[in-house]
Amino acid sequence: MRPVHYMLALLVVVLWGVNFIFIDFGLRDWPPLLLVAARFTLVVFPAIFFVKFPHGDFRRILLIGVFMSAGQFGLLYTSMFLGLPAGLTSIVIQIQAAFTVLVAALALREFPNRRQIIGILIGLSGLGVIGLSLQASVPIAAFLVALGASLSWAIGNVIARGVKEGTNGVQMTVWSALVVPVPLFVLSLLVDGPAEVAHALAHPTWGVVASIVYTAGCASLIGYVIWNSLLARFPASQVAPFSLLVPLVGVLSAWLVLGDRPTVPELIGGVLLLLGVAVTTGVLRTIARSITGSKQRSRKVIASEKPEAEHSSASG
């Protein structure tokens, strides 16, 4: 990867990390399910007219939309609406990596290896620390709903494993989003009431507009276009580790913009959770191999230059 590719990967990290701030902006004026419905309406239209129809079973694509889009974001927005801070949400949601391994073991009989089991236990311990250290202002229900969002994301990940090769993340994002707007709009009518939904639609604030445009355009579409182009050109082992920086950006941006200052126990739990994710996904091993490989290449270069230098001094 060249420096420009590293910059693009970091740009995606920033786009996805700041995403939680814009969700918070929208939730100040609109109910969560209506905001999700509006976000994915913009994801679908007009992009669906320009993005190629994905290969494979369309029912599977729709199921991905149910769990990875409607389920994940419907529950994530709800958890933040109930009081889970944006920065903390960006950390908690990452437990989906451990949940994905567990769901795959149950559904596909792909049982985790020793490294994955250790990673899951570390991640769950971090999650436990966060749960036990929640401030009085954060309802436990908000924390549990965020775990539900992580589980829904994990189920979507496992379902996506069966999609045929050649289907990229942009196709998946756009076409799976078809199942989101109408069901969540109807659900918002039932939960929030027609009067509140009508009032929200009639009075869109700048915060709501910014939230919908950013989360749909920057986080969902632009982010996925860049991310999948990097995955298409380089090994996943080089690209995937950057995703672990998203919670860091989420916490820092929420701290600077929203004043959401995490407590020390929450930070400790967050570090444990992310360490567990890194171990579970093999990111730590990948980074260690990259460092070892770089050192070995440097030694070879030095060794190859040494004889030339000795030969030059002898000739002189």
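Tell me which of these Ser237 doesn't satisfy, since it passes every other one: (1) polar (S, T, N, Q); (2) at pLDDT below 80; (3) surrounded by 18 or more Cβ atoms within 10 Å (Cβ to Cβ).
(3)
May I ask you to list the residues in the stretch 2-41 that are open to solvent by 50 Å² or more (accessible area, probe 1.4 Å) and aliphatic (A, V, I, L, M)?
Scanning the stretch 2-41 gives Val4, Met7, Leu8, Leu10, Leu11, Val14.
Of the numbered conditions (1) assigned to a helix (DSSP H, G or I); (2) surrounded by 19 or more Cβ atoms within 10 Å (Cβ to Cβ); (3) at pLDDT 85 or above, Asp260 fails exactly one; give the number of that condition.
Exception for Asp260: condition (1).
Residue-by-condition table, conditions (1) open to solvent by 30 Å² or more (accessible area, probe 1.4 Å); (2) of a type in the set (A, V, I, L, M, F, W, C); (3) closer than 14 Å to Ala146 by Cα; (4) out of contact with any Gly (no Cβ under 6 Å at 6 or more places or on another chain):
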site	(1), (2), (3), (4)
Ile61	no, yes, no, yes
Ala70	no, yes, yes, yes
Leu76	no, yes, yes, yes
Gly87	no, no, yes, no
Val103	no, yes, no, yes
Leu106	yes, yes, no, yes
Pro112	yes, no, no, yes
Ile117	yes, yes, no, yes
Ile122	yes, yes, no, no
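Restricting to the stretch 187-221, what's the tally of residues that are open to solvent by 40 Å² or more (accessible area, probe 1.4 Å), more than 17 Å from Phe22 (Cβ to Cβ) and outside any helix (DSSP H, G or I)?
Counting residues in the stretch 187-221 that are open to solvent by 40 Å² or more (accessible area, probe 1.4 Å), more than 17 Å from Phe22 (Cβ to Cβ) and outside any helix (DSSP H, G or I) gives 1.
The values are calculated or read from the model by the stated rules, or taken from the named source; none is laboratory data. The shown structure was predicted, so the numbers you read here are calculated from the model rather than taken from an experiment. Methodologically, a virtual Cβ is constructed for each residue, glycine included, from the backbone with ideal geometry; neighbour enumeration extends over all protein chains shown. Calculation scope for accessible area: heavy atoms of the full protein, side chains included, ligands and nucleic acids excluded. Shrake-Rupley method; radii C 1.70, N 1.55, O 1.52, S 1.80 Å.
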